[in-house]
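Peer 1: Got a structure for you, questions after.
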Amino acid sequence: MVFTKDFVRDFYKVIQKDRVLVLVNHDVDAICAAKIIQCLFTWDNVVHSIVPVDGKEEIEAAFMEHVEGVKYVLFLNCGGCLDLVDILQPDPEIVFFILDSHRPISVENIYNAVQTRIVLRQEEVDQDIPDYEDVFRDDESESEGDDSDVDEDGRKRQRFDAKYLEKRQERRAWNDNRIEVLSKYMSTCHTGASSALTMYTIAFTMSEDTVEMLWWAIIGVTSQFIFTRVDHDHYFDNVVALQDHVSRVSKRYDDIDVEYSMSSLRLSFENDIVADLYRHWNLYDSLGHSLYTATQFKIWSLKGKSRFHEFLAVMGLPLTQCKQKFSSMEPALRNNLKSLIGDHSDKFNLDQNNIFIPTFVASMGYRSKISAVDYALVCAAMLENCCEIDTMEKFHRASDVLNRGDQAVFDRGVSQAIKIQSIIMSQVQFLLSTNAITPAHYFLYAIISEGSPESIYFRSPILLERLAHFTLEAFIASDKCSAKRKELPLILICPLSLKSGKSIVVGIPPIDTIKSDNCRNIFGEVFKQVRQNIQCRTNHNSFDSHVIELMREDQERFLEGLLDVLS
């Protein structure tokens, strides 16, 4: 196996010696990791190029375009699940370093000791990785040569002699076992350690970390949790580790003058309420558009909205106060909000572990606090922009949001994030009110209407997956959902452009799996099996195997094939 045991010695000190090409996936955690290593490269005068990629096809195109003069290629949250050497065909002197949170990692990458290195802590190595002997045969070429009809002395031999048949039977048994081993290994996909946190650990180990780097690592970790990539336990373990770093960094301000301290970024831990963007929005809409509170109150129904109003009234929060910008609320109400929610949550069946989230907030001088959750949502909103702009432009916009001090850029991102929250909620209400969520024995499915004006937004895989999670939670909370249906996964389909004739499909596991099994997802392998069974035309371009493109005319056959595979 080619896992780097010492991140500094075996990874960073190696790549800083020559030109580096950094390929960055289209997600918040990868962008945060890219910001950290960009700072390190700049300080150490490392010649590098950073190129964002959104899918397997863009990896190939970016590599071909930028590989000239490159000695090392670093993949951030991309490439781990691909046989990179086979796909990219690099020159022998080029070495790939993979820092990818997608699991499982391709066995070809794991066992290629010549051109591939995987940046991963030893304790994070998957115990289910197959043994080398189970998936590769060093004598494979020799075995193939045994199929000839000529023996070692050049004499023609009987084709089906005992030795030949024995070898052939042994090879067939090995191939059957290989298929079974790989099938088990690849059966579920999940997310590992945050790449931003790993990159920050490297900077900290080299004593080159800054408070900005720590903040980016926090945002990367937070994005994994709020976008349902990891479960609560995984996230909480990371929060505990980050708390130590935040406490250490905070002590620096005790020894510096007040003027410098006021101009510096300050981080602190908070148990914050689960109300997306509420500091930059109004409390009423924030709670009404956040997944947990919206689904608990069933905000889409008249009865649910009435109960939501009752909740606000019991806390002593007038609607006139709740519907104005949060920063304009009466200070007494604003400052006591957390205690009010905590005191009255039990009466309205709100779980304290779900209505509050352990997170971190940043502040600089007298500016308002900004939470890591809000930063992750704003950064993602820049990536989810439905305008006809390329991957590079989206990457730069998302990266600019993370730059400290550019309030105008952040405010534009907040407006986009609020718009996206509203669009998601509107689509969920539409799917519920039109009974568009259809049970199919072993799964639920919903198809976004092609004529819907909001369908253009859900062509983004990130946004479609967010909608899928919100839709499943809302359906389970609704009165239409039976106990049996609560245990079903969801398939959500959205049409792409009319010209392409394709739809984008995302599959998410049942809610219990999301909350208790680190969000393991079976649909990557399931979709491949369906494609093989019915020979439908699909494109598995996404780094997330549970997201595919499908020809619209094959849609009905695909759902029937899915039913057969899951039965």
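Peer 1: So what's the gap between the Cα centers of the range 335-374 and the range 1-22, to the nearest angstrom?
Peer 2: Cα centres, the range 335-374 to the range 1-22: 40 Å.
Peer 1: Let me ask something additional. If you put +1 on each Lys and Arg Cβ and -1 on each Asp and Glu Cβ, how big is the dipole of the range 416-567 around its Cα centre, in Debye rounded to 20?
Peer 2: Here the range 416-567 has a charge dipole of around 180 debye.
Peer 1: Further question on the same structure: Could you pull out every residue, at least 5 positions away or on a different chain, whose amide H is within less than 5 Å of the one on residue 48? Hs are placed 1.01 Å off N in the peptide plane, and Pro or chain starts have none.
Peer 2: 20
Peer 1: If you don't mind, there's one more thing I want to ask. What are the ³J(HN,Hα) couplings of the range 399-412, residue after residue, when phi is run through the Karplus curve with 6.51, -1.76, 1.60 and θ = phi - 60°? Round to Hz, x for glycine and proline.
Peer 2: These are the phi-based 3J(HN,Hα) values: 5, 5, 4, 7, 6, 5, x, 8, 5, 4, 5, 5, 5, 5 Hz.
Peer 1: If we sort 485-496, 470-481 on the protection proxy, mean other Cβ atoms within 10 Å, highest first, what's the order?
Peer 2: 485-496, 470-481
Peer 1: Could you list which residues have their amide H under 5 Å from that of residue 117, counting only those 5 or more apart in sequence or on another chain, with H placed in the peptide plane?
Peer 2: Here 96, 97, 98 satisfy the definition.
Peer 1: Going by average Cβ neighbours within 10 Å, how do the peptides 304-317, 273-286, 350-363 rank, with the highest at the top? Walk me through the numbers on the way to the answer.
Peer 2: Working: 304-317: 15.5, 273-286: 21.9, 350-363: 17.6.
Top to bottom by mean Cβ count within 10 Å: 273-286, 350-363, 304-317.
Peer 1: On full extension of the chain, what length is gained from residue 137 through residue 450, given 0.36 nm per residue of separation minus the C-alpha to C-alpha distance? If you can, show how the numbers build up before the last one.
Peer 2: Numbers: separation 313, 0.36 × 313 = 112.68 nm, distance 4.92 nm.
The span from residue 137 to residue 450 would gain 107.8 nm if fully extended.
Peer 1: Here is a follow-up. Keeping the other protein chains in place, figure out the carbon and sulfur percent of the accessible area of the range 200-324, with a 1.4 Å probe. Show your work: numbers first, answer last.
Peer 2: Numbers: 2850 of 5380 Å².
Reported share for carbon and sulfur atoms: 53 percent.
Peer 1: Treating only the Cα positions of the range 383-438 as identical point scatterers, give the base-10 log of I(q)/I(0) from the Debye formula at each q in 0.22, 0.24 Å⁻¹.
Peer 2: -0.86, -0.94
Peer 1: Further question on the same structure: DSSP loop (so not H, G, I, E, B), at most 12 other Cβ within 10 Å: list which GluC sites (Glu not before Pro) in the range 1-99 pass both filters.
Peer 2: Those that pass, being in a loop and sparsely packed, are 68, 93.
Peer 1: Here's a follow-up. Karplus couplings for the range 70-77 from phi (6.51 cos²θ - 1.76 cosθ + 1.60, θ = phi - 60°), rounded to Hz, Gly and Pro as x?
Peer 2: So the Karplus estimates, Gly and Pro as x, are 8, 9, 10, 10, 10, 9, 9, 6 Hz.
Peer 1: From the phi angles alone, apply the Karplus equation (6.51, -1.76, 1.60; θ = phi - 60°) to the range 449-462 and give each ³J(HN,Hα) in whole Hz, x where the residue is Gly or Pro.
Peer 2: 4, 5, x, 5, x, 8, 5, 4, 5, 8, 6, 7, x, 4
Peer 1: Angle, helix 302-314 long axis vs. longest principal axis of the chain, Cα atoms, 0 to 90°, nearest 10?
Peer 2: Around 60 degrees separate the two axes.
Peer 1: Taking the Cα atoms only, what angle lies between the long axis of helix 162-185 and the longest principal axis of the chain, rounded to 10 degrees?
Peer 2: Result, in degrees: 0.
Peer 1: May I pose another question? What is the spin-label model distance, in nm, from residue 533 to residue 47 if the labels are put 7 Å beyond Cα along the C-beta direction?
Peer 2: Taking the simple label geometry, residue 533 and residue 47 are separated by 5.3 nm.
Peer 1: Further, regarding this structure: Using 10 Å bins from zero, what percent of all Cα-Cα pairs in the chain falls into each bin?
Peer 2: For the chain, the pair-distance distribution reads 3, 16, 26, 25, 17, 8, 3, 1, 1, 0.
Peer 1: Please report the antiparallel percentage of DSSP beta bridges with both residues in the chain, rounded to the nearest 5.
Peer 2: Values: 31 of 55 bridges.
In the chain, DSSP labels about 55 percent of beta bridges as antiparallel.
Peer 1: Here's another thing I want to ask about it. Sequence-distant or interchain residues sharing an amide H contact under 5 Å with residue 547, placed H: which?
Peer 2: Correct list: empty.
Peer 1: Taking the Cα atoms only, what angle lies between the long axis of helix 28-43 and the longest principal axis of the chain, rounded to 10 degrees?
Peer 2: It works out to around 80 degrees.
Peer 1: On to the next question. How much of the accessible area of the range 475-567, in percent, comes from carbon and sulfur atoms when a 1.4 Å probe is used?
Peer 2: That fraction is 47 percent.
Peer 1: Right, here's the next one. Over the range 272-404, what is the relative contact order in percent, taking alpha-carbon pairs closer than 8 angstrom and at least six residues apart?
Peer 2: 23 percent
Peer 1: In whole percent, what relative contact order does the chain give with Cα contacts below 8 Å and a gap of six or more residues?
Peer 2: Values: 867 pairs, mean separation 76.2, N = 567.
The value is 13 percent.
Peer 1: Given a 1.4 Å probe, how much area per residue of the range 474-565 is accessible, in Å²?
Peer 2: I get 45 Å² per residue for this part.
Peer 1: Hey, if you drop one equal point scatterer on each alpha-carbon of the range 170-219 and run the Debye formula without solvent, what base-10 log of I(q)/I(0) do you get at q = 0.13, 0.17, 0.23, 0.27 Å⁻¹?
Peer 2: Debye output, listed in q order: -0.53, -0.60, -0.80, -0.93.
Peer 1: Of all the accessible heavy-atom surface of the range 9-77, with the other protein chains kept in place and a 1.4 Å probe, what percent is carbon and sulfur?
Peer 2: 45 percent
Peer 1: Then there's this: About its Cα centre, what dipole magnitude does the chain give when the only charges are +1 on Lys and Arg Cβ and -1 on Asp and Glu Cβ, stated in debye to the nearest 20?
Peer 2: For the chain, the charge dipole is close to 2280 debye.
Peer 1: Looking at 533, 51, 501, which one has the Cα that reaches farthest to the positive end of the dipole of the chain (charges on Cβ: Lys, Arg +1; Asp, Glu -1)?
Peer 2: Towards the positive end, the residue furthest out is 501.
Peer 1: For the range 353-417, what is the accessible area per residue in Å², given a 1.4 Å probe and the full set of protein chains?
Peer 2: Here the residues of the range 353-417 average 41 Å² of exposed surface.
Peer 1: To continue, here is another question. Quick one: ranking 43, 300, 216 by accessible area, 1.4 Å probe, largest first, what do you get? Please list the in-between numbers first.
Peer 2: Working: 43 125, 300 60, 216 20 Å².
These residues rank, largest area first, as 43, 300, 216.
The values are calculated or read from the model by the stated rules, or taken from the named source; none is laboratory data. On a predicted model such as this, the values are computed, not experimentally measured, just so you know. All Cβ positions, glycine included, derive from the backbone under ideal geometry; neighbour counts span all protein chains shown. Ligands, DNA and RNA are stripped out before the accessible areas are found, and what is left, the full protein with its side chains, is counted by its heavy atoms. Shrake-Rupley method; radii C 1.70, N 1.55, O 1.52, S 1.80 Å.
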